[in-house]
Amino acid sequence: MANVAITGAGRGIALELVKLHLAKGDRVFALLRDPDGADALRGVAAGSGGKVTLHAMDVADDASVRAGAADTGDAAIDVLYNVAGVSGSTDSELESANFADWLDVFNVNVNGPMRVFQAFLPRLGSGAKVVSFGSQVGASTWPYPGYEAYSASKAALHRLMVSVALGTKDRGIIAISVHPGWVQTDMGGPAAELTPLESAQGIAALAQRLTPEMSGGFYKWNGETHAW
């Protein structure tokens with residue numbers, strides 16, 4: 001049995017990861033901004049026999065992240081999924097950008113995963129895995145118009161995870177970024193190629209087979225290396 005922490009756990013890919021790890025018999029700490037409003041997740045937890053618990057955590061807020069992590073107890077964490085994120089404006093902002101919105105996007109997509117990582121770091125031992133959700137639009141190899149704040153934030157996240165991987169190599173921690181694919185979520189839309197379950201299955205399988213040599217890499221949801 002593994003201890004698994006998942007941010008943004010109330011919906012989409014993160015919710016499917018909760019279900020997949022529960023089916024494996026893992027202990028799941030489901031982290032999200034509003035536990036009371038997550039009916040589907042609450043239903044999963046109610047039928048889990050205590051293996052899934054909900055914990056309030058807003059990754060945009062320092063105090064909330066610290067409190068949410070503390071609320072999960074002191075058990076070692078084997079897998080940490082940084083899923084929570086925001087897209088910001090989808091329009092081109094080359095001529096006029098809403099920089100207050102940019103700050104929000106970077107706060108959630110870059111500072112957020114770092115806050116969560118730091119909060120759980122004392123509980124990440126040798127072999128622990130940190131899987132942060134990036135995006136192919138944050139790769140220089142993937143030209144895509146618009147989404148400037150989102151793309152830049154994901155590029156920053158990818159580079160941040162390289163630093164995390166290098167900085168924790170001597171502790172045996174494995175840290176990667178993953179592109180979840182184009183998924184049928186609120187962000188991806190109904191016409192997307194993958195269901196949340198398909199993406200979650202691929203990412204969970206990738207997490208399972210991660211080795212120290214893979215730390216610092218950027219991968220696709222299906223386990224393939226993604227150039228960036």
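The values are calculated or read from the model by the stated rules, or taken from the named source; none is laboratory data. Computed from a prediction, not measured in an experiment: that's the story for all the values here. Here the Cβ is made from the backbone with ideal geometry for all residues, glycine too, and neighbour counts use every protein chain on show.
Looking at the stretch 112-136, which of the residues that are of a type outside the set (Gly, Ala, Ser), touching an Asp or Glu at 6+ places or on another chain (Cβ under 9 Å) and not in a loop (DSSP other than H, G, I, E, B) is nearest to Val162 (Cα to Cα)?
Start the filter on the stretch 112-136 by keeping residues that are of a type outside the set (Gly, Ala, Ser), which leaves 113-118, 120-124, 129-131, 133, 136.
Going one step further and asking which of them are touching an Asp or Glu at 6+ places or on another chain (Cβ under 9 Å), we end up with 115, 122-124, 129.
After this cut, where a residue has to be not in a loop (DSSP other than H, G, I, E, B) as well, the list is 115, 122-123, 129.
Numbers: Arg115: 16, Pro122: 19, Arg123: 20, Lys129: 13 Å.
Filtering the stretch 112-136 for residues that are of a type outside the set (Gly, Ala, Ser), touching an Asp or Glu at 6+ places or on another chain (Cβ under 9 Å) and not in a loop (DSSP other than H, G, I, E, B), the one nearest to Val162 (Cα to Cα) comes out as Lys129.
If you go through the stretch 179-225 and keep only what is touching a helix residue (DSSP H, G or I) at 6+ places or on another chain (Cβ under 6 Å), assigned to a loop (DSSP other than H, G, I, E, B) and touching a residue at least 24 places away in the same chain (Cβ under 8 Å), you end up with Pro180, Gly181, Thr185, Ser215, Gly216, Trp221, Asn222.
Going by what's in this entry, would Ala139 be described as surrounded by fewer than 20 Cβ atoms within 10 Å (Cβ to Cβ), of a type in the set (A, V, I, L, M) and more than 17 Å from Asn111 (Cβ to Cβ)?
Working: surrounded by fewer than 20 Cβ atoms within 10 Å (Cβ to Cβ): no; of a type in the set (A, V, I, L, M): yes; more than 17 Å from Asn111 (Cβ to Cβ): yes.
Criteria not met by Ala139.
With respect to the stated conditions, Val162 fails to be surrounded by fewer than 21 Cβ atoms within 10 Å (Cβ to Cβ), more than 21 Å from Ala207 (Cα to Cα) and either in contact with a Gly (Cβ under 6 Å, 6 or more places away or on another chain) or among the aliphatic types (A, V, I, L, M) (or both). Counting the residues of the stretch 1-45 that are within 23 Å of Met187 (Cα to Cα) and among the basic types (Lys, Arg) gives 4. Criterion applied to Ala69, Ala128, Ala149, Ala75 was being crowded, with 16+ Cβ neighbours inside 10 Å, of a type in the set (A, V, I, L, M, F, W, C) and over 16 Å from the mean Cα position of the chain (by Cα), and the one residue passing it is Ala149. Look at the stretch 40-67: where a residue is within 28 Å of Asn107 (Cβ to Cβ) and a partner is at pLDDT 95 or above and among the charged types (D, E, K, R), sitting 6+ places away or on another chain with Cβ atoms under 6 Å, you get His55/Asp71; Asp58/Arg33; Ser64/Asp58; Val65/Arg115. Mind telling me which of the residues Ser89, Ser96, Ser48 ends up being part of a loop (DSSP other than H, G, I, E, B), over 25 Å from Gly172 (Cβ atoms) and in contact with a Leu (Cβ under 7 Å, 6 or more places away or on another chain)? Unique residue meeting the criteria: Ser48. Across the stretch 15-41, the number of residues qualifying as over 15 Å from Ala84 (Cβ atoms), within 20 Å of the chain's Cα centre (by Cα) and part of a helix (DSSP H, G or I) comes to 6.
State yes or no: is Ser177 touching an Asp or Glu at 6+ places or on another chain (Cβ under 8 Å), among the hydroxyl-bearing types (Ser, Thr, Tyr) and crowded, with 22+ Cβ neighbours inside 10 Å? Steps first, answer last, please.
Values: touching an Asp or Glu at 6+ places or on another chain (Cβ under 8 Å): no; among the hydroxyl-bearing types (Ser, Thr, Tyr): yes; crowded, with 22+ Cβ neighbours inside 10 Å: yes.
For Ser177, the condition - touching an Asp or Glu at 6+ places or on another chain (Cβ under 8 Å), among the hydroxyl-bearing types (Ser, Thr, Tyr) and crowded, with 22+ Cβ neighbours inside 10 Å - is not met.
Taking Leu103 as the residue in question, decide whether it is more than 14 Å from the chain's Cα centre (by Cα), in a helix (DSSP H, G or I), modelled with pLDDT of 95 or more and surrounded by fewer than 22 Cβ atoms within 10 Å (Cβ to Cβ). Judged against the criteria, Leu103 is a match.
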